[in-house]
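Only one structure is covered here, and it is reproduced in the block below.
Nothing in this text is a laboratory measurement; each read-out follows from the coordinates by a stated rule. Just so it is clear, the model here is predicted, and its values are computed rather than measured. Glycine gets a Cβ as well: all are built from the backbone with ideal geometry, and neighbour counts include every protein chain shown.
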Amino acid sequence: MATSDRSILLNSDMGESFGIHSFGNDDSLLTLIDTANVACGFHAGDPSGMRETVVKSVAAGITIGAHPGLPDLVGFGRREMKLTVDEVRDIVQYQVGALKGFLDAEGVELDHIKPHGSLYGMVAKDELLMGAVCDVAENYGVAVFGMANTAHESVAIERGVPFVAEFYVDLEYNAQGGLIIARRPQPTPVQRAVERTLLALEEGVALADTGERIPMRFDSICVHSDTPGADKVAEAIRHILDTNTTSPRKAPHV
């Protein structure tokens, strides 16, 4: 595959440890990714973890976005809730505001907002709920991360909010192009992630769990920090992006 003038970001959801319980592959991923989506305490994370993740991300020279989720620590934000538009706006505003305090303390800017888990899925299907997320993004003048061809994109474009489309190499897609999210993260074989990435870059498609070819347009690839073996997957995807795109992060990785 020849090098493309396309620029693809590698992002990861992190800062999801809680109290004395360590979680995820954050330290390994910080040298590989371009931007971190930091948990804000509702689905995972806590104030000390937020501060630590911000400090480490600043030291790694990467951008930082907010990763607000549903108020469900026990379910890790992966169980849908019935919420009003105002409630979605308020929980997102609350969490982004908390992260913004730590960013201000380090003298760095908020880069984007990326909803987590079931909140991500809920606002992908509901334009009114996505509008609430865009309200907060407008307040801070930042982009939203989401999936192309969903309410994530259509509402962001309608509202004039910058939009960054994502592709997931460590999750399955269904035939409708939706993500299949397990309650407990499952490891993704490195070779499978590599094959998914190359197919998406070269042909602009992803394979559904039932074999259908789904159109896939994206500006960023996500590797979840909480997935077993995430560091090895990220190393492989980093190499592909550095070799085949005008990736913004060209430092050598080991």
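The table that follows gives values for the structure above.
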item: Antiparallel DSSP beta bridges within the range 147-254, percent to nearest 5; result: 55 percent
item: Placed amide H near L10: partners under 5 Å, 5+ positions off or other chain; result: D34, T35, I221
item: Lys, Arg +1 and Asp, Glu -1 on Cβ, resulting dipole of the chain about Cα centre, debye, nearest 20; result: 340 debye
item: P(r) histogram, all alpha-carbon pairs of the range 83-178 included - 5 Å bins from 0, percent; result: 3, 13, 25, 24, 17, 12, 5, 1, 0
item: Sequence ranges 156-163, 22-29, ranked by mean other-Cβ count within 10 angstrom, highest first; result: 22-29, 156-163
item: Leading residue at positive end of dipole, the chain (Cβ point charges), from S225, T150, G160; result: S225
item: For the chain, share of DSSP beta bridges that run antiparallel, in % to the nearest 5; result: 20 percent
item: Whole-Hz ³J(HN,Hα) from phi, Karplus 6.51 cos²θ - 1.76 cosθ + 1.60, for the range 235-244, glycine and proline x; result: 4, 5, 5, 4, 4, 4, 5, 5, 7, 10
item: Beta bridges per DSSP with both ends in the range 1-149, % antiparallel, nearest 5; result: 10 percent
item: Furthest towards positive pole of dipole, C134, M14, V169, structure part the chain, Cβ charges; result: V169
item: Size of charge dipole - the range 6-109 - debye, nearest 20, with Cβ of Lys, Arg +1 and Asp, Glu -1, no other charges; result: 180 debye
item: Cα-based reach from K100 at 30 Å (exclusive), listing lysines while leaving out same-chain residues under 8 positions away; result: K56, K82, K114, K125, K250
item: Cα-based shape type of the chain, given that a ≥ b ≥ c are square roots of the gyration tensor eigenvalues and the cut on a/c is 1.5; result: rounded
